[in-house]
Amino acid sequence: MRTFNLTCIFCLIILFIACKHVPETCSDATDTLNVYPEYSEAYIPYNIAPLNFIITNKASFYLTTISSKNGKSLLIKGKEVRINLHDWKKLLESNKGEALCFDIYLKQGGRWYKYPTIKNHIAVEPIDGYIVYRWIQPLYTTYEDITINQRSLENFDVKRIYDSRLLTVERSGQCVNCHSFQDYNRQGNMQMHFRGESGGTVILSDNKQKKINTKVEGLVSGAVYPSWHPTQHLIAYSVNDIGQDFHTKDLQKTEVLDTRSDLILYDVDKNEITTIEAPRGKPRGISDSKKESCVLPANPAASSGECARGIQAGDGWLETFPYWSPDGNSLYFSVARYEQKYAFIDADIVNQHENIKYNIVRRPFNQANRLFGAVDTIVSASSIGKSATFPRVSPDGKYLLFSMGDFGNFHIWHKSSDLYLMNLETRTYKNLETVNSPDVESYHAWSSNGRWIIFSSRRDDGNYTRLYIAYFDKNGVAHKPFILPQKNPLFDRQLFKSYNIPEFIVEPVHTNRHKLLKTITGEAENARLVN
Amino acid sequence: MNAQTKKHRTEAAPKALKHTGKFIKIQNLTLLGFFVLFILYQTIGQNASFLWKTQELDLFAFNQRYFLDAIEGIGGLSVYLGSFLTQFFYIPWLGSLIYLALLLFVSYLTSKAFNLKGRAIPLAFIPSLALLLTMCELGYMIYILKINGYVYVTVLGVIGILWGIILFQKIKRIHFQVIYILAYLLVGYPVFGAYALFGGGLFLLYTLKSVALEKNKAALIPAVTALSGIFLIPIVYYQFLYSQTIFKNLSFALLPAFNTGSEKILWLPFVLIALFFIVAVLWKQGKESKKTTFVRKSAPVFLFLSTLVIVAAFSYKDENLKTELAMQSASEKGNWNEVLRIAQKQKDEPTRLIVMNTNLALFKLNLAGDKMFNYKDGNKAINTPGNIFPMQIAGKFFYYQYGKLNYCYRWCMEEMVEFKMNANNLKYFVLSATLNKETALANKYNEVLKSTLFYKSWAEKQQVFIDDPETIMTVPEYTDIMKLNAFNNVLDGDNSMLETYLLNCSAYSRGGNPALVTLSILSNLQMKNIERFWPGFFLYARTHDRIPVHFQEAALLYYYLEHKVDISQVKFDKQVMDDFQLLLDFSKKQANYPEETTRKLYFNQFGGTFWYYYFFVNTLMEKKKETSDYYN
């Protein structure tokens, strides 16, 4: 009995030791290696969390080695390759700019097989420490558990900034959206909207929190899509009358349409809203109260009449998705021309929805007097039968990243939507073919050093949005993206929510849900419309 | 009293006691028998299809993600275990036996916790009967309950309370009692939610009873501990752990939200349980003696039987719900003849869902054109205290059956958002994604079903179609649905109005394959839409040898009313024409009589015809409880 026990222990030790080393003799595998997620030929930041994955080929033993030019290789057993964080960091830190090799060995039928090496590249530039995104189910009108999460990109820590269930009472739900940060949250300035229960906009600024009501008479709606000015306490918003309809057969399933939209500027310190006047020389169209069109004078600063007041609903221009240039001297946004043909605007816009094409324009902004200059069309997507949205200028001001699809503005529902990159000096743009997929690519953001792009994609299953990160090198070339790494490699497969509005931040969000909840459930200050 | 009499009495006393003991034993066994039979009657007897539905509206998956999601909230472990047990209702008799076993266990624990012996044993069944009522009273509410595993969550919660009491009673020393109370609340609250707080409340009562009766002032310490713990421990958890709970709901975690006026009656079993425990804790048990009155002796039996009567009286009884469940079950198996058989047995006014399911079965069997108006029509309101819409009950089922795959998918998603994932919406997710040839998406949902115990085989069969979409068209069920899916894409919305949307879609469609044309005509018949009827009718007449009876009836009537089209080339059955002439003659005779008096006469003569439907049935106009606002 004692001998038997010793023998067993000895065998176990041998087995353990045997599996601690790469097999000395093995054949080349002839079948295809199936791993999920697939990380290969991508550039990865040296400070990224481990790229855990799962091997789905059938085998009795699995061994994975991860190696680079310098430092000790990592050896991981098992079909789920979960890499030790400390070892991973050490390996990547000491191999910036080098290749990272994954060698996988499977034991099948008593023999070891080696699969072709999977290579990735370790970039010399780091990625920002965090991203903030929303989790939301795709395709619905009801809402229940929506969360705003902060995820560390250097490990797998997730902090739940807000959970809408905190205020969702049975059928009285709450929606939370449009989290937005000034300057990558360096000063801790951010904002979020809350719809439904305790609705309003919460702004965190200078370590204070306040809730404001931006639904002001004369505006199309309360504030919607935000963009913080990089240096001033100003937020450009669009105001949108948004509707949602459903495709009876088209697999894109949903269409989100603006019947009306305009732009406003919100002064955080003064709690004031000013409208952003229509482009000079363009007719303002018909207002609800005034049935005549009027053209702005050449000098917008001299405007004092009705033309300068308020936002005209149904003025024929749809303006949305504002975004400031990094220096704060320009405002980019998307604009589309829409001519109402029938009396009922909702039905009319549904009929015309495939004809609504957005261009990306830019207006210079005078930071001293806060006035806007003439419109400069940057991307004339409509001239090629396309629609461009989500303008995002790189931190160095050289490039413009945007989404372009066949029509409309809510491109997350358009399989035709791809990411495009414009060189702002030459004004030429191209499809980022290495980044895009046959399915949706949309909502994107630049890292603070301009070397990384994060974007939403539905390439995995066509319905659930996942986050992908791509390296953008100093020569202006975007490389193959990789999916946001997860501790459990199957996490995204088992998750029935979409990632929404990924934003890089360099400083974590410092508020906690209790403080936030107190602000949300408090009284909202009404913003004042000053023009 | 002489010695002999005394001796006789002394010898007779144990015998009498023995007889009494035997009687009580027989009584208790009899009552146990009643209890078991009653539970089986209320479960497998009366509610087999309902119990099957409870598991379909729930989910238990053997994977880590599911476990982590389940335990995320307060009482998560109870929900997890509750869902685990609920899945066995897939086989109703098996689930019912497990349920019965747990209720017997509750009775056993009750007897232990409150030292119920002898005559008092029937009292031990009262909490179990009340728990049974928490299930039997639900009816349609099962569609909108937001607690997974609800049927067992209540049972597990009560078990948590009883175990707590049993262990508490074993602790005599004050400082151990304090530790125990804190430990119970700290461990119990995240597991049992409000039930653990109630348990803490009972410990408070025990200690106060001790202070009052035994003059044990030291018992105030655990009393204060219990009181503080009930208030503070949930707050501590809220502050540091549970990031998704509403503060004002902390004390009600795991309890259902029967908050609106007419729903409040559903609190009855919880009130019964609470009252029972409070009285049991405070009751001072005395020993039985000769002076014990008959009333006191028979009180336990009386209370047991009264509870039985209350459970029976307040249990949900509605034939329409049973009919709907039976029809859906038969429909999902493709047994359309069974659906019609069930419809023929309908005595009471049916709900719209029953009418829709009957019409669907007739359509699938190609009998609608001849027999649709032979079946009972109606618009009976859904019998429920809560606010429930037909869309919530059967929206995705009907959308799927009528080829509206995107809408089926959409309502699966709405339901998943509102009520979490369950086996029913997962199945329709898989079906709609499969038929839409969205392979990766269908796989995503199918993987979840593969990790369940009872839906694994269904998922594995479905995998064939997901992996090879070409095989879809080899299955008649799928082929039929794809025929109905052969329409042009349109952007629209249903405003949560299921039947209205389906009818309008079909009624206003133009052309299409024979199935779509037939459906269009049938919809126009139901909507009494003369203008839209004719194009479909003439197309049908041109392409078919025989025109169904109801189509002919409508054509003759509409021609007679409007004379707008030429039907001279249409082949009508002689019988239909003769019947129409009869109708005209009959109408002339009844022309001067009010509708209320002639309605029955018309029904007797023409009840199964489109003519009767056209003139006397207005159920589509009298919509009850289907509004355009899903959430008011």
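Among B:Asn357, B:Leu426, B:Thr479, flag the residue with its Cα farthest along the positive direction of the charge dipole of the range B:329-484, charges on Cβ as +1 for Lys/Arg and -1 for Asp/Glu. It is B:Asn357. Between the residues A:Leu63, A:Val81, A:Phe102, the greatest Cα displacement towards the positive end of the dipole of the range A:29-148, with unit charges on the Cβ of Lys, Arg, Asp and Glu, is found for A:Leu63. With only the Cα atoms considered, the range B:134-236 has a convex hull volume of 106 Å³ per residue. Once Rg and the Kirkwood radius are both taken over the C-alpha atoms of the range B:314-400, their ratio Rg/Rh works out to 0.95. Rounded to the nearest 20, the size of the Cβ-charge dipole of the range B:329-484 about its Cα centre is 340 debye, with Lys and Arg at +1 and Asp and Glu at -1. Measuring r between the beta carbons of A:Asn369 and A:Ala99 and using R0 = 41 Å, the FRET efficiency lands at 0.15.
Could you run the numbers on buried accessible area between A and B, total for both chains, 1.4 angstrom probe, in Å² to the nearest 100? Chain pair A/B: roughly 4200 Å² of buried accessible area. Over the protein assembly as shown, accessible surface divided per residue gives 43 Å², non-protein components excluded, 1.4 Å probe. A DSSP coil position with no more than 14 other Cβ atoms inside 10 Å describes the following trypsin sites (Lys or Arg not before Pro) in the range B:202-283: B:Lys215. For chain A, the membrane-span-like helix rule (DSSP H, alpha carbon extent of at least 18 Å along the helix axis, mean Kyte-Doolittle at least 1.6) picks out A:2-18; this says nothing about an actual membrane. The local environment of B:Ile179, defined by Cβ-Cβ distances under 14 Å, has a net charge of +3 under the rule Lys, Arg +1 and Asp, Glu -1. If we count GluC sites (Glu not before Pro) as exposed when they sit in a DSSP loop and have at most 14 other beta carbons within 10 Å, what is the longest stretch of chain A that avoids them all? Longest gap between qualifying sites, sites excluded: A:42-169. Taken over chain B, the percentage of Cα pairs per 20 Å bin, counting from 0 up to the bin with the maximum distance, is 16, 40, 27, 13, 3, 0. Seen against the Cα atoms of chain B and their longest principal axis, helix B:352-364 is set at about 50 degrees.
Taking every residue in B:440-448 and counting other chain Cβ atoms within 10 Å of its Cβ, the average works out to 4. A:Leu251 contributes about 50 Å² of solvent-accessible surface, heavy atoms of the protein only, 1.4 Å probe.
For the protein assembly as shown, give the share of DSSP beta bridges that are antiparallel, in percent and rounded to the nearest 5; count only bridges with both residues there. For the protein assembly as shown, the DSSP antiparallel bridge percentage is about 95. Projected onto their three principal axes, the Cα atoms of the protein assembly as shown cover extents of 128, 100, 72 Å, largest first.
Set against the 2.2 N^0.38 Å expectation for a compact globular protein, the range B:329-484 has a Cα radius of gyration ratio of 1.10. With a Förster radius of 41 Å applied to the C-beta separation of A:Asp157 and B:Lys146, the computed FRET efficiency comes to 0.85. Here the peptides B:94-101, B:538-545 are ranked by packing, the mean other Cβ count within 10 Å, and the order with the highest first is B:94-101, B:538-545.
Computed from the alpha carbon positions, the gyration tensor of chain A leads to an equivalent ellipsoid with semi-axes of 49, 24, 22 Å, biggest first.
For chain B, the share of accessible area belonging to carbon and sulfur comes to 62 percent (1.4 Å probe, ligands and nucleic acids excluded). Against chain B, whose longest principal axis comes from its Cα atoms, helix B:174-192 is set at around 10 degrees. Any idea which of B:Gln463, B:Leu103, B:Pro390 is furthest toward the positive side of the dipole for chain B, if Lys and Arg beta-carbons carry +1 and Asp and Glu beta-carbons -1? Value computed over the given set: B:Leu103. Across peptide B:160-172, the mean count of Cβ atoms from other chains lying within 10 Å of each residue's own Cβ comes to 0. The long axis of helix B:294-314 is offset from the longest Cα principal axis of chain B by roughly 20 degrees. Between rounded, prolate and oblate, where does the range B:498-631 land on the alpha carbon gyration tensor, with a ≥ b ≥ c its root eigenvalues, rounded for a/c under 1.5, else prolate if a/b exceeds b/c? Since a/c reaches 1.5 but b/c is at least a/b, the shape of the range B:498-631 is classed as oblate. In the range B:394-431, the residues that give up 20 Å² or more of accessible area when the other protein chains are added, compared with the chain on its own (1.4 Å probe), are B:Asn406, B:Tyr407, B:Tyr409, B:Arg410, B:Met413, B:Glu414, B:Met416, B:Val417, B:Glu418, B:Met421. Once C-alpha pairs closer than 8 Å and six or more residues apart are averaged by separation and normalised to the residue number of the range B:498-631, the relative contact order reads 18 percent.
Think of each Lys and Arg Cβ as +1 and each Asp and Glu Cβ as -1; about the Cα centre, that makes the dipole of the range B:498-631 roughly 80 debye.
The values are calculated or read from the model by the stated rules, or taken from the named source; none is laboratory data. Keep in mind that what you see is a predicted model, and the values were worked out from it rather than measured. Every residue, glycine among them, receives a Cβ derived from its backbone with ideal geometry; neighbour counts consider all protein chains shown. With ligands, DNA and RNA removed, areas are computed over all heavy atoms of the protein, side chains included. Shrake-Rupley method; radii C 1.70, N 1.55, O 1.52, S 1.80 Å.
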